[in-house]
1. Tally the residues that are within 14 Å of another protein chain (Cβ to nearest Cβ), part of a loop (DSSP other than H, G, I, E, B) and polar (S, T, N, Q), restricting the search to segment B:143-159.
2. Could you figure out which of (1) part of a loop (DSSP other than H, G, I, E, B); (2) under 23 Å from A:Asn127 (Cβ atoms); (3) of a type in the set (A, V, I, L, M) isn't true of A:Leu85?
3. Are there any pairs with C-beta distances below 7 angstrom linking a residue in segment A:38-49 that is assigned by TED's automatic domain parsing to the domain that holds A:Asn14 and touching a residue at least 24 places away in the same chain (Cβ under 8 Å) to a residue that is of a type in the set (Gly, Ala, Ser) and not in a loop (DSSP other than H, G, I, E, B), with the two at least 6 apart or on different chains, and if so which?
4. Among the numbered criteria (1) surrounded by fewer than 24 Cβ atoms within 10 Å (Cβ to Cβ); (2) of a type outside the set (A, V, I, L, M, F, W, C); (3) touching a residue at least 40 places away in the same chain (Cβ under 8 Å), which one does A:His316 miss?
5. I need the helices (runs of 4 or more DSSP H) fully contained in segment A:336-438, keeping only those with at least 3 residues that are within 14 Å of chain B (Cβ to nearest Cβ) and in contact with a strand residue (DSSP E or B) (Cβ under 6 Å, 6 or more places away or on another chain).
6. Of the residues that make up segment A:325-347, is at least one surrounded by fewer than 17 Cβ atoms within 10 Å (Cβ to Cβ), more than 15 Å from A:Gly290 (Cβ to Cβ) and touching a residue at least 40 places away in the same chain (Cβ under 8 Å)?
7. Within segment B:109-142, how many residues are surrounded by 15 or more Cβ atoms within 10 Å (Cβ to Cβ) and outside any loop (DSSP other than H, G, I, E, B)?
8. Identify, please: which residue in segment B:43-66 is assigned to a helix (DSSP H, G or I) and touching a residue at least 60 places away in the same chain (Cβ under 8 Å) and is, among those, farthest from the other protein chains (Cβ to nearest Cβ)?
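The values are calculated or read from the model by the stated rules, or taken from the named source; none is laboratory data. Everything numeric in this text was worked out from a predicted model, so none of it was measured. Cβ coordinates were reconstructed from backbone atoms using ideal geometry, including for glycine residues, and neighbour counts include every protein chain displayed.
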Amino acid sequence: MDNIIEFKEWFIKNFNAFEESLNGENTPLLHRVRKEAFKNFNELSFPTVKDEEWRFTNISPLLKYNFTLPSEDFKISDELVNKFLLNEIESNILIFVNGKFSEKNSKLLNLPEGTIVGSISDAMKNNPEIIDKYFGKYASYSNQIFTALSTAFTKDGAFVYVPDSKIVEDPIHIIFITTASEKKIIIQPRNLFIASKNSQVTIIEHFVSENDNIYFTNAVTEIVAEENAIIDHYKLQEESKNAFHIARVEIDQKRSSNFTSHSISTGGVITRNDINAHFNGEGGECTLNGLFLLEDKQLFDAHTLIDHATPLCNSHEHYKGILDDSSRGVFNGKVLVRQDAQKTNAFQKNNNILLSNNALVNTKPQLEIFADDVKCSHGATIGQIDEEAKFYLKSRGIGEKAANAILIHAFASDVIKSMKIDSVRNYLEDILSKRFNQ
Amino acid sequence: MLEVKNLHVSINGNKILKGINLTINAGEIHAIMGPNGSGKSTLAQALAGREEYVVTDGEVFYNGENLLELSPEDRARKGLFLAFQYPVEIPGVSNVNLLKTALNEIRKFHDEEELDAIDFLNLIKDKMKLVDLDESFLKRSVNEGFSGGEKKRNEIFQMAVLNPKLAILDETDSGLDIDALKVVANGVNKLKSKDNATIIVTHYQRLLDYIIPDFVHVLYDGKIVKSGGKELAFELEEKGYEWLKNGEEKVVTG
């Protein structure tokens with residue numbers, strides 16, 4: 001208990017100093033939002049396993065540490081950045097070091113006119129009208145303490161704004177790098193992505209670490225797909241194996257918009273991902289796919305919601321987990337089909353493979369349907385490597401290790417194949433090969 | 001090449017093979033026939049090294065080496081090949097990936113260089129002709145959604161690529177129409193040489209119209225009850241397996 005008080009105490013003591021440190025990143029509206037969020041943070045308590053939504057994810061190890069906001073300026077070399085690039089010819093790269101935008105390491109070479117890509121801190125200064133219109137409107141901070149914390153202390157993060165009818169052809173690769181630090185730091189990327197009418201953009205959020213430090217990433221991303229916009233969103237979570245990662249992505253989908261998410265998770269000691277997509281217009285399409293690779297004592301928790309509030313929308317969700325050692329996985333996928341959402345198609349699947357007797361998965365697919373003319377399905381499986389298939393491969397001369405690697409790749413293949421960007425697919429294939437083909 | 005001595009095999013405590021003796025030399029084709037449940041497939045799978053098939057007694061020597069001590073993959077690397085009665089479907093693994101990995105693992109085992117992409121492709125294309133498969137097949141997942149005939153042809157195709165010393169065809173003919181049967185038989189005949197041997201496990205005599213065996217063995221209740229030349233297969237076709245059951249009783253009572 002004392003720890004939790006201390007954890008909170010630091011932020012409570014430092015809020016005023018934080019607000020004073022802001023330099024132009026403060027419209028009257030933002031000031032009000034921050035104040036309100038701070039009040040909520042103060043009043044809310046941290047979730048425990050007694051909360052239904054956190055039943056299998058005990059965050060008390062996170063609350064043992066006193067994390068502080070990074071104060072110094074960190075510089076990193078391009079060599080370090082290069083380690084995390086998907087290929088050599090990427091044209092749009094945004095680098096954040098310990099949560100702070102690093103213009104020096106970033107580059108933006110191929111963007112259509114009027115597109116704004118950069119730090120949210122700059123956007124608060126230069127584009128307050130856009131910020132005021134969208135910021136904090138989707139990720140509610142009234143009842144989620146981590147979102148309240150993020151909102152109260154919002155300082156930096158990625159900002160993407162694509163104007164009407166513009167197509168951003170090259171993906172925007174945003175890398176959040178955490179480097180060595182004396183103190184145990186909390187980084188709070190606060191991202192806002194807006195695709196205006198008829199526009200199209202691909203955004204990759206990529207979380208990495210220079211070493212195996214203990215730190216805490218508390219990320220909140222708000223995404224708006226306006227009418228007929230197309231957003232292809234990737235999240236590659238490769239944090240330090242000792243890091244805590246709590247992230248929330250909130251998506252607002254207008255009429256005929258198309259949102260695709262691929263969430264890949266390999267890092268972190270405790271990871272919690274919330275992805276919530278809301279249909280707020282007819283004819284929308286939403287795909288939420290995910291792959292998590294766990295080992296040692298890692299814990300990964302995916303909570304997703306697809307909110308069919310309007311008719312004639314389609315959603316597809318497929319999460320796959322590969323768990324080794326004593327790792328634990330949680331999948332809680334809720335599909336809500338509201339009364340007005342007739343002609344909904346919603347399909348959800350979660351498949352898990354356990355490579356060790358000590359690995360564990362709790363899976364809870366949920367369909368809540370209040371409309372009567374819908375097509376919905378869901379299903380979950382937990383299994384092991386198929387011994388029949390393994391014997392078949394061995395009988396062709398393929399050894400134990402290679403046979404396992406082939407079958408694990410095969411298990412992951414449908415999620416990998418559903419990713420549209422070659423470079424992301426290859427990057428992921430490499431991760432799998434390094435993990436299993438030694 | 002292969003010497004099976006008094007082989008006893010159990011599955012889940014049930015005795016299936018009860019003392020098999022069999023000697024196979026290079027250049028020979030042996031047919032093992034017998035009614036359902038006589039232990040034919042058990043013999044095939046046990047030779048390939050399936051773990052659930054427990055050898056309780058007996059010995060198997062393969063080129064002078066104790067086969068039973070080798071892992072399934074090492075048996076394959078040393079030239080033993082099993083064409084499965086029920087080839088396994090592996091979604092997400094392409095045929096070409098399976099073959100490339102297998103071929104290179106076998107080459108690595110023999111301290112040979114991996115095949116480069118062009119040599120590999122040439123080899124594959126050459127062998128595909130044998131079994132009448134087209135190239136689109138290479139990218140498909142192993143056996144997934146294949147017809148029965150395609151699965152069996154795929155087994156023979158894999159055999160052709162891996163070029164084994166001892167091939168065991170486990171009921172490769174079951175469920176095949178006559179055209180597919182001819183394709184399979186043609187593949188086997190073309191691969192025959194004085195250095196390799198083939199064991200054909202079958203329930204029916206039909207395949208033996210196209211692949212002429214040097215020896216025919218009849219398996220009944222876990223034992224080889226009769227061995228002979230190819231004419232034994234015709235005799236079986238004519239008289240059925242009942243004839244043997246009776247024959248065996250005669251031996252016992254007489």
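1. Looking only at segment B:143-159, we keep the residues that are within 14 Å of another protein chain (Cβ to nearest Cβ), and these are B:143-144, B:146, B:151, B:154-159.
Within this subset, residues satisfying the condition of being part of a loop (DSSP other than H, G, I, E, B) are B:143-144, B:146.
Still in the list and also polar (S, T, N, Q): B:143.
The total comes to 1.
2. (2)
3. A:Phe38/A:Ala152; A:Asn40/A:Ala148; A:Phe41/A:Ala148; A:Phe41/A:Ala152; A:Leu44/A:Ala148
4. In the conditions (1) surrounded by fewer than 24 Cβ atoms within 10 Å (Cβ to Cβ); (2) of a type outside the set (A, V, I, L, M, F, W, C); (3) touching a residue at least 40 places away in the same chain (Cβ under 8 Å), A:His316 misses (3) alone.
5. Values: elements: A:387-394, A:400-417, A:422-436.
The qualifying helices (runs of 4 or more DSSP H) are A:400-417.
6. Checked against the condition, which is being surrounded by fewer than 17 Cβ atoms within 10 Å (Cβ to Cβ), more than 15 Å from A:Gly290 (Cβ to Cβ) and touching a residue at least 40 places away in the same chain (Cβ under 8 Å), segment A:325-347 yields no hits at all.
7. So the count comes out to 13.
8. The first filter runs over segment B:43-66 and keeps only residues assigned to a helix (DSSP H, G or I), leaving B:43-48.
Still in the running and touching a residue at least 60 places away in the same chain (Cβ under 8 Å): B:43-45, B:47-48.
Numbers: B:Leu43: 15, B:Ala44: 11, B:Gln45: 9, B:Leu47: 10, B:Ala48: 5 Å.
Checking each candidate, the answer is B:Leu43.
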